[in-house]
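*Asks:* Quick one: the structure is below, and I'll ask about it shortly.
Please treat every number below as a calculation from the coordinates, not as lab data. These numbers come from a predicted model, not from an experiment. Because the Cβ atoms are built from the backbone with ideal geometry, glycine has one as well, and the counts that use them run over all protein chains shown.
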Amino acid sequence: MPPVQAPERIRLSASAVAAPPEASARPATRAARPRKAPVPYPMPDDDWQERGACRTANPSLFFAPDHESNHQRRFRETAAKAICAHCPVRAVCRAYALQTGELYGIWGGTTERERMRANANPRQAAATSVRK
């Protein structure tokens, strides 16, 4: 005896109900769609720190010691900025310091006070970084 088969329309409707929803189906609203997170740093990894000119310099040039006089501070900052001036990753370093809110040290050729000013006035910071 041959096997009994269901009529064509019943087979189609049964397969449509049993099939899982498509993985590529988009949510109905824009708010429900997943979004890509913004990339916090220009480079996806931290290898830019390995290529910095400051790697071979004395770290005390970039971070202020306790009880430093104004003359010593200016001298130290000038020496550190001279190293940053020839650094291949200066822009990435500056962007990192601004985005993470580094409170201490010279990063990307900027001091703590310069970064505070840049965070207070983003338009001025953008214009300054374009000129350099």
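*Asks:* Within the stretch 59-108, how many residues are β-branched (Val, Ile, Thr), farther than 17 Å from Asp47 by Cα and touching a helix residue (DSSP H, G or I) at 6+ places or on another chain (Cβ under 7 Å)?
*Replies:* The number of residues fulfilling the criteria is 2.
*Asks:* A follow-up question, please. If you go through the stretch 56-98 one residue at a time, how many are in a helix (DSSP H, G or I) and exposed (fewer than 12 other Cβ atoms within 10 Å of the Cβ)?
*Replies:* If we filter the stretch 56-98 for residues that are in a helix (DSSP H, G or I), which is where we start, we get 56, 59-61, 70-85, 90-98.
Remaining after also requiring exposed (fewer than 12 other Cβ atoms within 10 Å of the Cβ): 56, 59-60, 70-71, 74, 78, 85.
Result for the stretch 56-98: 8.
*Asks:* Limited to the stretch 49-83, what total is found for residues that are within 20 Å of the chain's Cα centre (by Cα) and closer than 21 Å to Ala118 by Cβ?
*Replies:* Of all residues in the stretch 49-83, those within 20 Å of the chain's Cα centre (by Cα) come to 49-52.
With closer than 21 Å to Ala118 by Cβ added as a condition, the list becomes 49, 52.
Qualifying residue count, the stretch 49-83: 2.
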